[in-house]
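Worksheet: the structure to be examined is printed underneath.
The values are calculated or read from the model by the stated rules, or taken from the named source; none is laboratory data. Just so you know, these numbers come straight off a predicted model, no measurement behind them. Reconstructed Cβ throughout: ideal geometry from the backbone, glycine too, with neighbour counts over all protein chains shown. Side chains are part of the model used for accessible areas, which takes the heavy atoms of the whole protein and leaves out ligands, DNA and RNA. Shrake-Rupley method; radii C 1.70, N 1.55, O 1.52, S 1.80 Å.
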Amino acid sequence: MFSRSSDDTIRQQIAFRYNTQKSKVAVLQAKLHDIVNIVKVKNPSLLLQLQKPAGAGGMPSGGAGVLPTPSSARRM
């Protein structure tokens, strides 16, 4: 059987999970920033293509403005 946890325990769990996710987002943003800097140096025109808003330049709306997925970023 399950029993109800105290409000303080629930708050601690929520804060822990929130802070864990916040840390993961910060790490991923740092990695993305590093990748953008590498692409900026090695292939600036590709970076411009990736930064275009969706639908710009005659591209289909799903193609432009999409950054590479983590698996495709490793191949770069």
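Computed from the C-beta positions of Ile14 and Lys52 and an R0 of 35 Å, the FRET efficiency is 0.35 to the nearest 0.05. Taking Cβ atoms as reference points and 15 Å as the exclusive limit, the residues near Leu47 contribute a net charge of +2, counting Lys and Arg as +1 and Asp and Glu as -1. What FRET efficiency, computed as 1/(1 + (r/R0)^6) with R0 = 35 Å and r the Cβ-Cβ distance, is obtained for Ala26 and Ser3, rounded to the nearest 0.05? Efficiency for this residue pair is about 0.50.
Here the range 1-50 has 62 percent of its accessible surface on carbon and sulfur atoms, given a 1.4 Å probe and all protein chains in place.
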